[in-house]
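Read-outs throughout are calculated quantities, based only on the coordinates presented, and are distinct from any laboratory measurement. As the structure is a prediction and not an experimental result, all values here were calculated from the model. Every residue, glycine as well, gets a Cβ built from its backbone with ideal geometry; the counts of neighbours run over all protein chains shown.
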Amino acid sequence: MSFGPLEQDNLTSDQFILKGKHVVKTIQMNIFQHINTFNAEFTFPGSIKMARRILYSLLIYLLLAGCTAGEEQTKPNVIVLIADDAGYQDFGCYGNPYIRTPHIDRLAAGGLRADNAFLTSPQCSPSRISILTGKYPHQTGAEDLHAPLPATERIIPTYLKQAGYFTGYLLKGHFGPYGEEQFDWYSRDLNDFTVFLDQSGEHPFFLWVGFTDPHRPYDKGVIAEPHSPEKVIVPPYLLDDRATRSDLADYYDHITRMDNQIGQYIDILRERALMENTLLIFFSDNGAPFPRAKGTLYDSGIKTPMIFHWPSVIGEGYVYRDLVSVIDLAPTILAAAGVEPPQIMEGRSLLNILSDPSVTGRKFVYSERNWHNCDEHMRSIRSERYKFISNAYIGFPHGTPADISASPSWKSLREAYDTGMLSPGQALLFKAPRLPEELYDLENDPYELQNLITDPRYTEIAHELRENLALWRAATGDFSAEERRRPDNTDRYSGIKFDQKKLPPFLPDSLSD
């Protein structure tokens, strides 16, 4: 057996522990393989605890001996695969029986699937910049859609380059020029995956793959066998009509096209013998591009699929059900690469969870919604069971992103609302004034259609969440609802975009002195 050098000098503590656990797993596998080969009966003396003690004693011996038998320790490659507007339920491995995502499903089966992973923002660029900086959107100065990364901010590739990594990104960045310049390499062509691998040479690499699927607008015929509108899942906050079902089928098609591209990448990595030592992370930047999903702080807007695949470290078929936040991804990637995450990052490394899904996760996750065609100052805190949302601009209906308000699904809702044909839950998107606070029991109301904030039975729960949200806002330096306001450029009732400016300037009276 060859385990590679295990000197801790070159590894972070998290990476050292992971390497040790991988050695123990390898020892276990080899012991039982030899036992089975000789068809012998083998029983550890005492108990399973004694067995583990023996195995860990072997590990300590190897560490002290500095075992380097023929295998050089190499830093892992890291590939981030980020979908553009994909809902967390819209993959086979997350329970959708109709959508075709075989390659993503295979990654999940061969690694760890996080079932309760959450974004810090339901908006494209704020979400991406938050993930790359390891900070919450309001801490980056880029909390609004299309706001670029400030020149003072550092993101993952800068830290990795200092550790000898070759870095690049494919297709969609949406983090602005000061983010782009921190990568070594860029291409708009998803087929240039092999070009990047070739140019990385002997260096470990970090690649951010920004797909544009399944973002709108949609084209027909993007896959050989389109999904049937009869076989889609229509969530209860949408109108179940032909237009919406056809819209969902087109959305499914674009997810499958992305999945096909991921399958090509997997084949290339295997052909080049890179799969074993490559950490693949798949997630989405925000929820699906449908009304009451993307751009909202409901689970349909902030919950994301999240898959980790790293054969040399992560066992097959792991499922993690505790709360996870994408704020933890930057520290995790840096720790995996042997880089100490800077203290300015808000997250914490998930490496221990990748090797042991029994590790306890977060008690709360936090998210925020700011300007996205319409201005909002919304903040949320979510526990395993409950969600609390604070709303500032309650005199208007919830702001909907302009690409969604041009969709067939939106038009169906709008027309049915005008004729009084929507259910109370479906009509919530158009209601004004809104309540300043919302509370949902996600166990009994997973689509968040019954606001419990005025129910006296939930007063204590609301108080606890409200207090913890306030503590988080204070600890992270959040700005008030009166600050940094921008004018809307899309009508909240009709969905018509009346101003084509990508990012209107701040209102003068909302800027701090």
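Numbers below:
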quantity: Loop sites in region 290-341: chymotrypsin sites (Phe, Trp or Tyr not before Pro), DSSP, at most 10 other Cβ within 10 Å; calculated: none
quantity: Whether region 81-215 is rounded, prolate or oblate, judged on the alpha carbon gyration tensor where a/c under 1.5 counts as rounded; calculated: oblate
quantity: Tail beyond 17 Å, pair distance distribution of region 368-510 (Cα, percent); calculated: 66
quantity: 37 °C / 0.692 mPa s Stokes-Einstein diffusion coefficient of region 273-332, Kirkwood radius on C-alpha pairs, µm²/s; calculated: 246
quantity: Whole-number D in µm²/s for the chain (Stokes-Einstein; Kirkwood sum over Cα pairs; 20 °C, 1.002 mPa s); calculated: 88
quantity: Highest-first arrangement of 151-158, 468-475, where packing means the average Cβ count within 10 Å; calculated: 151-158, 468-475
quantity: Qualifying trypsin sites (Lys or Arg not before Pro) for region 343-412 [loop in DSSP, other Cβ within 10 Å: at most 13]; calculated: K363, R385
quantity: Mean-position separation - Cα centroids, region 216-240 and region 367-444, in angstrom; calculated: 22
quantity: Span from the region 283-299 Cα centroid across to the region 316-340 one, whole angstrom; calculated: 22
quantity: Neighbourhood charge, 14 Å Cβ-Cβ cut-off, centred on P150 and excluding it, Lys, Arg +1 and Asp, Glu -1; calculated: -2
quantity: Flagged links, alpha-carbon separation over 19 Å, of K231/K294; K294/K387; K172/K220; K231/K303; calculated: K231/K294; K172/K220; K231/K303
quantity: Estimated [θ] at 222 nm from DSSP helical runs (n ≥ 4, -39500 (n - 2.57)) normalised by residues in the chain, nearest 500; calculated: -9500 deg cm²/dmol
